[in-house]
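Participant: A single structure is presented below for examination.
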Amino acid sequence: MAADSKSPGETAREVTEEALDAYVQGDNKTGDKLVDEAKRKDPEAVKEVLQDLDEDAGSDHSVPKENR
C-alpha cells in the first residue's frame, strides 16, 4: 500500500470526525451527509469513532490516571 493510500476504515473514521465537526458548528445537513458517506465506506469504523467519543465523554480528565 502506498504511503498516501488509506484503507476504507481510515477514510471512514476521518469523514466521521469531519461530520462531528460539522455538527458542532451547527451544520446538521453536512454532518448527516458526511455520516452517510462514512457509513458507505466502513460502517464499523463509524461505530468505533462514536464508541471512542462516548468513552471519552465518560472519562474524568481532571484526575490523572495514576490517581484514579
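Participant: Listing L53, L34 from the residue with the fewest other Cβ atoms within 10 Å to the one with the most, what is the order?
Facilitator: L53, L34
Participant: For the stretch 8-56, I need the span (max minus min coordinate) of the C-alpha atoms along each principal axis, in Å, sorted largest to smallest.
Facilitator: Its Cα atoms span 25, 25, 11 Å along the three principal axes.
Participant: Let me ask another. Taking the Cα centre of the stretch 8-56 as origin, work out the dipole magnitude from +1 charges on Lys and Arg Cβ and -1 charges on Asp and Glu Cβ, in debye rounded to 20.
Facilitator: Rounded to the nearest 20 debye, it is 320 debye.
Read-outs: derived from the displayed coordinates by stated rules, not from any lab. Just so we're clear, the structure is a prediction, and the values are computed from it rather than from any experiment. Glycine gets a Cβ as well: all are built from the backbone with ideal geometry, and neighbour counts include every protein chain shown.
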